[in-house]
Structures are given as C-alpha cells and as structure tokens.
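Report on one structure; see the data block that follows.
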Amino acid sequence: MASFLIVMAMFIGSLTDTAAQDNSENARSVTVKVMTYNIHAGIGSDGNYDIDRIADVIEASEADVVGLQEVDVNWGARSNFDDELELLAEKLGMHAFMAPIYNQDPINEGDPRRKYGVAVLSKYPIIDASNREITRLSTQDDDPEPGLAPGFAETVINAKGAIFSLYVTHLDYRGDPYVRELQVDDMLDIIPEKGDAMLVGDMNATPDAPELQPLFNRFQDAWDESGKGDGHTFSAVSPSKRIDYILTSPGMESSNAEVIDTLASDHLPVITDVTLTRGGGR
C-alpha cells in the first residue's frame, strides 16, 4: 500500500508539472491577426473612390496588424488629395507608419507633400520604424533606370510583450522579372535571418515564379500553411492569380489563412492568425 501511494503521488505530481508547463506556455503565447491589402488608392472595382469602404473591410476582419500597398497621402485628385493613412488610422483607432515610394512637392505652395507608397496599421504600439530602400524602376521618370529607392517598410511591433518585425513591400509589376529579382535580393539582405519577422505585400508574381523562390526558401508561406483553395487575390472581380502574400519566419505558426471577398479595391486582402511568444523572437 505504501509503495502504491508513492507511485500515485509521483504520477499526480508529473501530471501537475505537465499542466503547469502547458499553462505557462499558453500564458506566453500571443495570437496576432495579420492582413495584407493592396488598397488601390481607395478606388474600388467599380471605379469609385471610397476610403471608408477600405476601413470597413479592415474593421470587419478584426485584423490587429495590416500591411497596406498603394496608399495615397495628399497624392492627387484620384483620392481627393486625402491623407488616406490618417483617415484609416483615425477611423480604426490604430497606430500608423507610412513608407513612401514617392515623396513629391505639392502642386500648390503651402500644401502638404504628395506621397504614395506602402504603410502599416497596428492595434499594437509600433516601437521602431524605417523606410528602407530596395531596387525600383520608377513610374515617375520618362526614362527610368533600376536603382535603390525607398518604399520598403520596416517596423517593430510590441504585441502584448511579443515583439516582432513586420515588413511591407510592393514589388515591380512589369512582365520582365529582372527588377523583382533584384528586389527580392535586396529584401533578403535587409531582413535579419534571426528573429520573428513577417514579410507581407503585393509581390506581383505567382507562387511558381522563379524570382520568388529565394523568399520561400527563407520564409513560410501562411497560405501554404493553413489556407484552403487556390488563394487567388487578383483581380477582385475575377480572381485568377495569387500575388499577395503573408510570409513568416520559420517556427512561427500560422492558422486560419483566408482571402476576403470584397470589391473595395482591385485586389482581395489576405488575412491569417500568427502565434507569437512573449519574450522570444528578437
């Protein structure tokens, strides 16, 4: 009887230790809902500008962190010279960071500078942010040559003690993959190999494109991890290509990847849950 009681005590103690370990791991984990969305300057598939529609899509998704592409800030008449990022941040109650690809003088003296590029919205504090350079072929020059230019957003976000890096990109749209090849090399040089990082954006290339393979060699594709179906994101009216991605560092768990059906832009947004660990990753 004494031996039996000792064995039972050891067994119960083992269960208690396991439960305590599980509870400790659960307490350290944080799930962040991440979105990437090319908002087409707020112009929907119907050709109408309506930044509130974009805000409504983001709000309904319950995204915690959003990487945006094709954001206008006082850019032009197509978006009423609105500061789209400020409008979205105010409506959604989120922190914001803009990484302009183009940052130009205003049309009228005294008006704000005209900016166009990528951006980050976050329910969590953005504790560091930079506008990094990658190779681009300008759409604003008559005879452009590939060269380093800004518009690659690098942010560090603190999600309830889980600190991670979020990078937002918009790669070259042209059929020739040469510039995208250079851009992929530039991004991989910028993003540290260690630490929790996410790279999101419009890559303007499908998953089988050779120029994207170095990214897939470094990162996990959230859609491959947990998406169902083809994951096509373009065009919103008749989706036939998957060109918008959420990529994560190895070991970061992605779940519930989904393409949201909406005509608020010409792209469909992608969303996924990413599980992080407090005190880890950086």
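Structure notes:
- Positions within the stretch 71-100 being in a strand (DSSP E or B) and surrounded by fewer than 24 Cβ atoms within 10 Å (Cβ to Cβ), in sequence order: 73, 83, 95, 96, 97, 98, 100
- Residues that are more than 25 Å from residue 156 (Cβ to Cβ) and in contact with a helix residue (DSSP H, G or I) (Cβ under 6 Å, 6 or more places away or on another chain) within the stretch 223-259 comprise just one, 231.
- Pairs, first at positive phi in the stretch 26-50, second surrounded by 21 or more Cβ atoms within 10 Å (Cβ to Cβ) and assigned to a strand (DSSP E or B), C-beta under 6 Å, six or more apart: 40/70; 41/70; 41/72
- Hey, residue 218 free of Cβ contacts under 8 Å to residues at least 60 places away in the same chain, out of contact with any Ser or Thr (no Cβ under 7 Å at 6 or more places or on another chain) and under 22 Å from residue 147 (Cα atoms) or not: no
- Residue 224 being in a helix (DSSP H, G or I), free of Cβ contacts under 8 Å to residues at least 40 places away in the same chain and surrounded by fewer than 21 Cβ atoms within 10 Å (Cβ to Cβ): yes
- Residue, most open to solvent (accessible area, probe 1.4 Å), within the stretch 259-282, restricted to residues that are more than 20 Å from residue 197 (Cα to Cα) and not small (Gly, Ala, Ser): 261
- Among residues of the stretch 160-183 that are under 30 Å from residue 123 (Cβ atoms) and at pLDDT 95 or above, those with a Cβ under 9 angstrom from a residue that is among the aliphatic types (A, V, I, L, M) and open to solvent by 50 Å² or more (accessible area, probe 1.4 Å), sequence gap 6+ or separate chain, pair up as 163/127.
- Residue 241 being on the phi > 0 side of the Ramachandran plot, open to solvent by 10 Å² or more (accessible area, probe 1.4 Å) and touching a residue at least 12 places away in the same chain (Cβ under 8 Å): no
- Flag for residue 156 being aliphatic (A, V, I, L, M), touching a residue at least 24 places away in the same chain (Cβ under 8 Å), at negative phi and crowded, with 22+ Cβ neighbours inside 10 Å: no
- Scanning the stretch 101-118 for residues that are open to solvent by less than 80 Å² (accessible area, probe 1.4 Å) and among the β-branched types (Val, Ile, Thr) yields a count of 2.
- Among the residues of the stretch 44-53, none qualifies, meaning not one is surrounded by fewer than 21 Cβ atoms within 10 Å (Cβ to Cβ), of a type in the set (S, T, N, Q), closer than 21 Å to residue 255 by Cα and modelled with pLDDT of 95 or more.
The values are calculated or read from the model by the stated rules, or taken from the named source; none is laboratory data. All values derive from a computational prediction rather than experimental measurement. With ideal geometry, Cβ positions are generated from the backbone for all residues, glycine too; neighbour counts draw on all protein chains shown. The area values use the complete protein model at the heavy-atom level, side chains included, leaving out ligands, DNA and RNA. Shrake-Rupley method; radii C 1.70, N 1.55, O 1.52, S 1.80 Å.
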